[in-house]
1. Pairs only if they're at least six apart or on different chains, beta carbon under 7 angstrom, first in region 78-92 and under 11 Å from VAL23 (Cα atoms), second basic (Lys, Arg); list them, first residue then second.
2. Give, as residue ranges, the helices (runs of 4 or more DSSP H) completely inside region 24-105 that count at least 3 residues that are within 16 Å of the ligand (Cβ to nearest atom).
3. Return the only residue of PHE229, PHE225, PHE260 being within 15 Å of the ligand (Cβ to nearest atom) and aromatic (Phe, Trp, Tyr).
4. Which of the residues that make up region 180-193 are open to solvent by 20 Å² or more (accessible area, probe 1.4 Å) and either within 13 Å of the ligand (Cβ to nearest atom) or out of contact with any strand residue (DSSP E or B) (no Cβ under 6 Å at 6 or more places or on another chain) (or both)?
5. Look through region 371-382, keep the residues that are buried (at least 20 other Cβ atoms within 10 Å of the Cβ) and not β-branched (Val, Ile, Thr), and return whichever of them is nearest to the ligand (Cβ to nearest atom).
6. Restricting attention to region 148-166, does a residue exist that is open to solvent by 30 Å² or more (accessible area, probe 1.4 Å), out of contact with any Lys or Arg (no Cβ under 8 Å at 6 or more places or on another chain), within 11 Å of the ligand (Cβ to nearest atom) and modelled with pLDDT of 95 or more?
7. What do you reckon, is ARG95 at pLDDT below 95, surrounded by fewer than 24 Cβ atoms within 10 Å (Cβ to Cβ) and either under 30 Å from ASN39 (Cβ atoms) or among the hydroxyl-bearing types (Ser, Thr, Tyr) (or both)?
8. Residues GLN73, GLN103: which one is more than 30 Å from ARG382 (Cα to Cα) and out of contact with any Lys or Arg (no Cβ under 9 Å at 6 or more places or on another chain)?
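The values are calculated or read from the model by the stated rules, or taken from the named source; none is laboratory data. Just so it is clear, the model here is predicted, and its values are computed rather than measured. Methodologically, a virtual Cβ is constructed for each residue, glycine included, from the backbone with ideal geometry; neighbour enumeration extends over all protein chains shown. What goes into the accessible areas is simple: the full protein's heavy atoms, side chains included, and nothing from ligands, DNA or RNA. Shrake-Rupley method; radii C 1.70, N 1.55, O 1.52, S 1.80 Å.
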Amino acid sequence: MDTELTFDPIRLPPECDRLRAEVRAFLKEEMDAGTFSPNVGGGIDGAFSPDFSRKVGQRGWIGMTWPRKYGGQERSFLERYVVTEEFRVANAPVRLHFVADRQSGPVILKYGSERVKAGILPRICRGEVCFAIGMSEPNSGSDLFAASTRASRIDGGWLVNGTKVWTSSAHHADYLIGLFRTSPPTKENRRHGLTQFVVDMKTSGIAVNPIYQMTGQHDFNEVVFQDAFMPDDHVLGEVDGAWKQATSELAYERSGPERFLETYYVLTELVRVLGDKPDTRAAEGLGRLVAQVHALRRMSVSVAGMLHAGKEPVVEAAIVKDVGTLWEQRLPHKARDLAAFVEEGAANRATFEEVNAYATLVAPKLTIQGGTTEILRGIIARGLGLR
Ligand SMILES: Cc1cc2nc3c(=O)[nH]c(=O)nc-3n(C[C@H](O)[C@H](O)[C@H](O)COP(=O)(O)OP(=O)(O)OC[C@H]3O[C@@H](n4cnc5c(N)ncnc54)[C@H](O)[C@@H]3O)c2cc1C
């Protein structure tokens, strides 16, 4: 094997406990005020709340690891971890700012022009700006480097033509980070020739068409570009060299607590419906689920710690996403099985059934978004020198 797998044994430091208490108090206040419900009733679109995002921004909990110069708080990745975890478990409506906070902001910070950084990052921190990710295309999903949406050079900028698909939140987004073809691939390097751009979604020549989820929610879209103009200083990093930039972005995207907590409400409702005296089979099954999520959490915290230390734990992040998404995907099925002998009409049964039915419809996408299971396993195998 070329590479060793390393999960540094990181524990959250004491300042994280203080922050956790603050975040919980804030969330309780918001839930008591009726801003959102920890159950899934609001669904995906209900999770988009400009008011809530602004309040989170005022607390300094968006872009919290970024430099103060750009509106950040210069806090640690582990503190950010705590905020993400608490918001996810509470099912808080973070959709407006979440992608910008997790990955678009860090990419801009690293590769953006000064004008773009100064103009956009402080607004992200205030919870005012929604970002979408424009990578996938009709004939280029797993194989990102086959992307064919083209950016052609003209005076002062670029003209973009082509179609992106499965673009989450594009119908809400102020900006999108697009991966466009600026040159053909070379013989030596088929990944060459792609460039990342910050796309202002108000640009003329961009049409957003809805695609509906199995739950009936409008979550993602098709985005069509027809001669859409991008100014030169909206290029991120090196022209034709986006493939070099993609790996660290994906480590941020793949390892967070949102990669195993998306159906966590099912576990909460399972505990409620099983009550104080579950039978041995249910207690064993529940214990196993809790032990598994605990192990996943230790791995995910470890990746956050390694990112904080400036490492690029790409393989470890892929493992967290692979194991984590399979866990959250199987949870509704396991929960249904464990609750099978709970009496009809028992307390909490109706709520359990309702959230579990919703989670069952949500579950299939979990192992596709952000890289499929098969692709992650390819990355892990390559990282370990096995292929
Ligand atoms: C809920 C959701 C939200 C999404 N949001 C976004 C978004 O915001 N922005 C964005 O750009 N994309 C988004 N996507 C798209 C997602 O990243 C792609 O769907 C994913 O990368 C798979 O690409 P594909 O759908 O083209 O499938 P394909 O790449 O065609 O794959 C089809 C099947 O073949 C397998 N396969 C493909 N290649 C290989 C290989 N080399 N080895 C082994 N098996 C392989 C895959 O694992 C899969 O099972 C989202 C997807 C979902 C489900």
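1. VAL82/ARG20; GLU86/ARG20; GLU86/ARG24
2. 43-46, 95-99
3. Values: PHE229 fails: within 15 Å of the ligand (Cβ to nearest atom); PHE260 fails: within 15 Å of the ligand (Cβ to nearest atom).
So the residue among PHE229, PHE225, PHE260 that is within 15 Å of the ligand (Cβ to nearest atom) and aromatic (Phe, Trp, Tyr) is PHE225.
4. Initial filter on region 180-193 (open to solvent by 20 Å² or more (accessible area, probe 1.4 Å)): 181, 183-192.
Scanning region 180-193 gives SER183, PRO184, PRO185, THR186, LYS187, GLU188, ASN189, ARG190, ARG191, HIS192.
5. The extreme case among them is GLY371.
6. yes
7. Working: at pLDDT below 95: yes; surrounded by fewer than 24 Cβ atoms within 10 Å (Cβ to Cβ): yes; either under 30 Å from ASN39 (Cβ atoms) or among the hydroxyl-bearing types (Ser, Thr, Tyr) (or both): yes.
Yes, satisfied.
8. Going through GLN73, GLN103 in turn, the sole match is GLN73.
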